[in-house]
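Shown next, in structure tokens, is the structure this report addresses.
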Amino acid sequence: MGRMPVILIGGGGHAGVVLEVCRAAGVPVVGVVDDDRACPVATAADGVAWLGPVDGFVMPPGTGFLLAIGDLAARARVLAAMDPALAVGLAAGAVVHPSATVSGTARLGDGVVVMAGAVVNRHAKVGMHGIVNTRAVIEHDCRVGANSHLAPGSVLGGGVWVGEGTLVGLQAGGLPGVRVGDGCVVGAGAVVVGDVADHTRVVGVPARAVGAAC
């Protein structure tokens, strides 16, 4: 049975990668919703129709949506503007690139996108609308909250917990068992060795707090 066709919300560079993941996974893409009619995905030779701006857009029956915006704050604004029932009920199922490895015991929420070469290991869980970017690794028994983004090359050791709306930056990671709160930013290349409070930005090796996450 074929996958439900999806609409991409957002049409920039990140959307182009999501589009390629969908096509590799055999998920049909109906079009893109973006405030800019000339957004890159709609103007490139991708065969993706522009369906209108985000505000006031009504999902056609029989379709789901994928958030195709890389910026977590912008993603959160889109979700907050949607009827909560629609934000949950119309989210597409998880989409996984064929080159990714996802354990049969892992659990991916609706709207999750797992990109090329990523690994999600045994009993790991990723919440709704999460991004597991290129070659990111989520080890066994990790928990990643809704609308969080694991950037390319990031690594979570076994049993790491990451809150909602948190960014784990390029090549960053966390040692086994650490907890990173909601709304945090783990800077590129940082290694988290202890728990991180909500809405905190950390950088360095070992990671240290440098202020509030914006």
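The values are calculated or read from the model by the stated rules, or taken from the named source; none is laboratory data. Keep in mind the model is a prediction, meaning the values are calculated, not measured. Note: ideal-geometry Cβ built from the backbone for every residue, glycine included; neighbour counts use all protein chains shown. Please note that ligands, DNA and RNA were not included when accessible areas were found on the heavy atoms of the full protein model with its side chains. Shrake-Rupley method; radii C 1.70, N 1.55, O 1.52, S 1.80 Å.
Okay, here's what the table says:
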read-out	value
Rounded percent of accessible protein surface that carbon and sulfur make up, the chain, 1.4 Å probe	59 percent
Square roots of 5 times each gyration tensor eigenvalue, C-alpha, the chain, largest first, Å	29, 18, 15
The chain, helix-only ellipticity at 222 nm - DSSP H runs n ≥ 4, -39,500 (n - 2.57), divided by all residues, nearest 500	-4000 deg cm²/dmol
Total formal charge among the other residues, if their Cβ is under 15 angstrom from that of ALA146, Lys/Arg +1 and Asp/Glu -1	+1
Modelled FRET efficiency - R0 30 Å, ARG208 with ALA80, Cβ distances, 0.05 increments	0.45
Helix axis angle, 72-81 relative to the chain longest principal axis, alpha carbon, degrees	50 degrees
Degrees separating the helix 13-24 axis from the principal Cα axis of the chain, which is the longest one	80 degrees
Heavy-atom surface of segment 42-141, accessible at 1.4 Å and reported per residue (Å²)	45 Å²
Tensor-based shape of segment 8-80 (alpha-carbon gyration tensor, a/c under 1.5 rounded, otherwise prolate or oblate)	rounded
For segment 98-214, convex hull of alpha carbons as volume per residue, Å³	68 Å³
THR166, THR134, THR101, reordered so the largest accessible area comes first (probe 1.4 Å)	THR101, THR134, THR166
Electrostatic dipole magnitude of the chain [Cβ: Lys, Arg +1; Asp, Glu -1; Cα centre; debye, to 20]	480 debye
Within segment 1-77, trypsin sites (Lys or Arg not before Pro) in DSSP loop having at most 16 other beta-carbon neighbours inside 10 Å	ARG3, ARG37
Between segment 19-46 and segment 149-187, the Cα center-to-center distance that results, in Å	28 Å
Surrounding net charge for ALA190, when Lys and Arg each add one and Asp and Glu each subtract one, Cβ distance under 10 Å	+2
Estimated inter-spin distance, ALA24 and ASP36, nm [label 7 Å along Cα→Cβ]	2.5 nm
Prolate/oblate/rounded label for segment 94-163 (Cα gyration tensor, a/c 1.5)	rounded
